[in-house]
Each structure stands twice: as structure tokens, then as C-alpha cells.
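Each remark here refers to the structure printed beneath this line.
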Amino acid sequence: MPHFLDSVPFSGIIRIRDMMYAVERPFRLDQGDVSFDAPDSVKQGMVTAIADNRSHYLQTSGVPRLQELLAERLRAKNHIPVGSPDEVLVTNGGIHALYILFQALLEPGDEVVIPDPLWPPGAGTILSARGVVVRYPLHEAAEWRFDIDELAACLTPKTRAIYVNSPQNPTGGVLTRGDIGAIARLADQRGLWLVSDEAYEDVVFDVEHVSAASLPGMYPRTVPVYTFSKSYAMTGLRLGYLAVSDAALRDRVRKALFFTTSNVASVVQYGGIAGLEGSQDVVGQFRAELQSRRDLFYRGIESLGGVFSGRPPRGAFYAFLKFDPEWRTRVDPATLEAAAARGQEGVAGFSSPSWDLTAFLIAAGRIGCVPGVDFGPGGEGYLRFCFARERSELAGAIESLRNIFRQP
Ligand SMILES: Cc1ncc(COP(=O)(O)O)c(C=O)c1O
């Protein structure tokens, strides 16, 4: 019997992951995971929590000390006027925060306008709450920012919320204070919620990160969402949070939090406390290293002579590159034939120009990447490469690309 979840797509990134398991010595530029390890402060906090038998049920919203530290961080760093620490809810990573928020916010059929392209679970968490996704375009020519009139044209009487994600996955676009102000005014005029996914708040290169809820009067209608995954290299540990000013919405989010996890793993929360209490130098060190890796990767891409094009992003750690639709003319016919013989072009059910090139790069070059179309129709014609991998892995991927593509 069909079920509505059948119509909610799994991200194609999962399919790529499966394909990569079959590849020997792969270059894993497909996954959005940093190669760094969690800071020592976090690890020590978890070790101590285990020794202290912190293995019991906790408050659903989070360990009070962690809520307190997060409220303080939101005030001091993000300039969000959080009142009480109770407004902060601790979640099992950012994806869980989005999931419970949309469960709490949406009635079936409510529309949420989201950027095209966008990290697939953005749409998936809305669809899972029986919401409807309406996409507003981002434009490469505008450094992957939006046009406010196009965004406004997506609004209907059924619109409940606008989703913004800055810095952005997959494009690396960073919205300016002016952009966020324009969205904030629109949300305010139309009585809409603003969901502000700030997973990459600490990964900005020489530009400011602006939290939508910090704009005057916006916190009551804005829900900012954060994660420790990227800032503290804690992807597998699963720690995130959101702040909800509105008491009725917060009660609903807390219910969804309770029913999905009771409380987030105690040991991980104590790791988060230690991470926030310890030195924050590591966050800046990660950022500086990511900037160097970005530059290294883009130098390599330029050396391919036009197979891929795009400007280095100002935030996040992805290269979202347009590919030459005639890329096959740059490949040795024997290499094309060998890849086709392995059945790697036009993967069943996932056939499109960006899927074709992704499958080819996996087969011919052992290079993992994600087809742009997986992020929305506006992403067709692009591939996403993650440059948060070790420098040696990035260099290996570039060398592999150089071997595949002949100079024009
Ligand atoms: C835009 C965006 N938001 C949220 C997340 C959530 O990350 P996590 O669930 O690991 O905290 C991610 C992870 O890749 C992301 O790219």
C-alpha cells in the first residue's frame, strides 16, 4: 500500500555514497564532511562525562548549562536578542532541528519557499511534514544570491515560511545584510515565518555572516538553526540547536523533539559544553585551512582549461561548478567506452546531464561528486565538489581530472 513518505525523495547523495563504496582508492569529494577531527576540548568533555556516569535521562530541551552557553553565544556572536536559555532547544544535529521545526510549523499543504538549488534535506524535511516546496531561483551571475521580486512572486496565500540558507549549500553563496533585510521586510509584510539555516555560519571567507534573527524586530518571526557539525568538526556526534522566541511554537517543537529523541545523547551534550567553554581558536584554524584548500582546488580546476567554470565561493566548503556540456569531446574515446561498458553513464532512474558526468567521473577517475540537479532543477548543468577534504585527496582528484580531460 502506498504511503505519503514514498513520494519524499531520498537525497541522491546517498546513492552516490553507495556507488563510491564500490570504488577502490576513491577521492571522496562527494560528502559534505570535513577531514578535521573534533577538538580535544570536546573529546575530553565526553570522556569526563562517561567517567562521571552521565548516562541517564535528561531534560528534553537540553542540559541547562548547554542551553545557557548557547543562549549567550546567540546573543554575543549572532547578535540575536535571546531572552531566556529556555528559548534554545538542543537537537540531534541541524537536520533534526529542521525536521522537528517543520513538524511543528506546518499544516498539510502549507507552502515553504526555498532556494533553488538547496541541500536536499531542506526540501525533504518540509515534505516529511506534509508541506509543499516552492523554489525561488539563485543566480550564479549574482554570486548565487536571489532577486527579491522573483522571491516575492513565489508567495501565495498558502505560504507559511521562507527558508534562507547562508552561507549556502551547495553554491557557497553568502547573503549580504541588504539581502537579508529585503527578505525580512517581505516576511514581515506578509506575516510569514523565516527559517534561517546557518549551518555554515563559521565558514565565511573575508565576508560577514549575518543572522536573520539579529535584524531589528525579526527574532519573534525567525527561527535560526545551527549545528556543531561544521564549526567543530562533529558531523558524526550529532549536535545542533535552534532558538524559538514564540512560546506556542516552542511548545510544539519541544513535543516533536521529545517524540523523536526524548533527549539528545547526554555524553555528546557534555562534549558540546566543553567545546564552548574551551578555546575557540580551532574554529578560526579550520576556516583558514578551508580557505587554503578552496584556493588549491580552484587553481587545479583552472588548469583543466575550461571543462569546469565558476568563481571561488565566499562561504561553506563546496565548489559548485558549471560544466562544459561538450565535455565528452575532451575525453579519449577509449576512456568513454570503458566507462560506458561499466554501465556508469545514465545510471538507471538518475539520468540527466549532471548525473551522466558524475557517474563518468566516478567510473573513469574515482572522483566522488554530486550532480547539481540533485539540489533542484536550477542545479542542472553543475556539479558539486566538497573541498573540505585533505589537501592530498584534493590534489589526487585534480590529477585524476587532468588525466581524463585533454587540453583543448
Ligand atoms: C545547509 C545545511 N543545513 C544543515 C545541515 C545539517 O547538518 P547536521 O545534520 O550534520 O547538523 C547541513 C549538513 O550538511 C547543511 O548542508
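Coordinate-derived values only; no laboratory data. Here the structure is a predicted model, which means the values were calculated and not measured. All Cβ positions, glycine included, derive from the backbone under ideal geometry; neighbour counts span all protein chains shown.
A few remarks follow.
- Counting only lysines at least 8 places from LYS158 when in the same chain, those with an alpha carbon closer than 27 Å to its own are LYS255.
- Helix 247-261 vs. the chain, principal-axis angle (Cα, 0 to 90°, nearest 10): 60 degrees
- Added length on full extension, which subtracts the Cα-Cα distance from 0.36 nm per residue, THR260 to ASP40: 76.3 nm
- Relative to its Kirkwood radius, the Cα radius of gyration of the chain gives an Rg/Rh of 0.97.
- Calculated over region 164-228: convex hull of Cα atoms, volume per residue (Å³): 81 Å³
- Phi angles across region 147-163 convert, under the Karplus curve 6.51 cos²θ - 1.76 cosθ + 1.60 with θ = phi - 60°, into 3J(HN,Hα) values of 10, 5, 5, 5, 5, 4, 5, 7, 7, 9, x, 8, 5, 10, 8, 10, 9 Hz, Gly and Pro given as x.
- The convex hull built on the alpha-carbon positions of region 181-309 has an orientation-averaged projected area of 11.3 nm².
- Region 152-185 and region 53-77 have Cα centres lying 29 Å from one another.
- Largest mean-square fluctuation among SER61, SER292, SER354, in a Gaussian network model of the chain whose springs join Cα atoms under 10 Å apart, belongs to SER292.
- A helix-only calculation puts the chain at -12500 deg cm²/dmol for mean residue ellipticity at 222 nm, using -39500 (n - 2.57) for each DSSP H run of at least four residues, averaged over all residues.
- The convex hull drawn around the Cα atoms of region 40-277, when projected onto a plane and averaged over every direction, covers 12.1 nm².
- Translational diffusion coefficient of region 272-408 (Stokes-Einstein, Kirkwood radius from Cα pairs, 25 °C, 0.890 mPa s): 152 µm²/s.
- Packing around the peptides 210-222, 382-394, taken as the average count of other Cβ atoms within 10 Å per residue, puts them in this order, highest first: 382-394, 210-222.
- Note on region 357-395 and region 227-259: Cα centroid distance 30 Å, given to the nearest whole angstrom.
- At 1.306 mPa s and 10 °C, Stokes D of region 108-248 from Kirkwood alpha-carbon radius, µm² per second: 103 µm²/s
- Of all lysines in the structure, those lying under 21 Å Cα to Cα from LYS230, and not within fewer than 8 positions of it along the same chain, are LYS43, LYS77.
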